[in-house]
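One structure is given here, and the rest of the page talks about it.
Laboratory data are not the source of any read-out in this text; all were calculated from the coordinates shown. If you're wondering where the values come from, they're calculated on a predicted model, not measured in any experiment. A quick note on method: Cβ atoms are made from the backbone with ideal geometry, for glycine too, and the neighbour counts reach across all protein chains shown.
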Amino acid sequence: MASQTINIVSPTEHGLKRIKVKAAPYEFTIATRAKWEMVVADEDMTIAKGAFEKIRIKEIKLQRDLLALPCVFTPHALASVVRVASGTGLAPVETDRCIEIAYILGQETGEIKEGDLLAVLNILPIMFTREATEPIVIKD
């Protein structure tokens, strides 16, 4: 699998930051053991039908080599979780991560309250099936 030069784009206090890296795809195996983590709102928010919003969630800590996949069933009547994020940009699977933000899509208009269950994440351990190429930062 050939490596290629890509940009990693992360938010900062001063706008977007782009880091150019040389990286390659790699293969992994998903374990048959898994667990569920709850995605719970950590703030109140008004959501409009069709709106795409960012909401703070109660912190979920993930150890390295764990994959988080949202469950396709939506437990909340007003919103669906599209993705989750650390809120600090890059969060590679080979490092420990902390999920603090969910991006949601409004299904109906209404109030999301702190403590509402927004989604469930399927947490799956992975194992690399070949030696992964460490991404290399390219300096301009």
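Listing for the model above:
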{"read-out": "Subset of the stretch 47-84 [within 19 Å of Ile126 (Cα to Cα) and of a type in the set (A, V, I, L, M, F, W, C)]", "value": "Ile60, Leu62, Leu66, Leu67, Ala68, Leu69, Cys71, Val84"}
{"read-out": "Cross-chain or 6+ apart pairs with Cβ under 7 Å, the stretch 79-96 first and in contact (Cβ under 8 Å) with a residue 24 or more places away in the chain and buried (at least 16 other Cβ atoms within 10 Å of the Cβ), then in a loop (DSSP other than H, G, I, E, B) and not hydrophobic (A, V, I, L, M, F, W, C)", "value": "Ala79/Gln107; Ser80/Thr74; Ser80/Gln107"}
{"read-out": "Meets criteria (part of a strand (DSSP E or B), farther than 30 Å from Thr109 by Cβ and without any contact (Cβ under 8 Å) to a residue 60 or more places away in the chain) for Leu16", "value": "yes"}
{"read-out": "Subset tally (residues that are surrounded by 13 or more Cβ atoms within 10 Å (Cβ to Cβ) and of a type outside the set (Val, Ile, Thr)) for the stretch 1-23", "value": "6"}
{"read-out": "Long-range neighbours under 8 Å by Cβ, at least six apart or interchain, first residue without any contact (Cβ under 8 Å) to a residue 40 or more places away in the chain and among the polar types (S, T, N, Q) within the stretch 49-77, second surrounded by fewer than 16 Cβ atoms within 10 Å (Cβ to Cβ) and not in a strand (DSSP E or B)", "value": "Gln63/Asp96"}
{"read-out": "Flag for Leu78 being within 11 Å of the chain's Cα centre (by Cα) and among the aliphatic types (A, V, I, L, M)", "value": "no"}
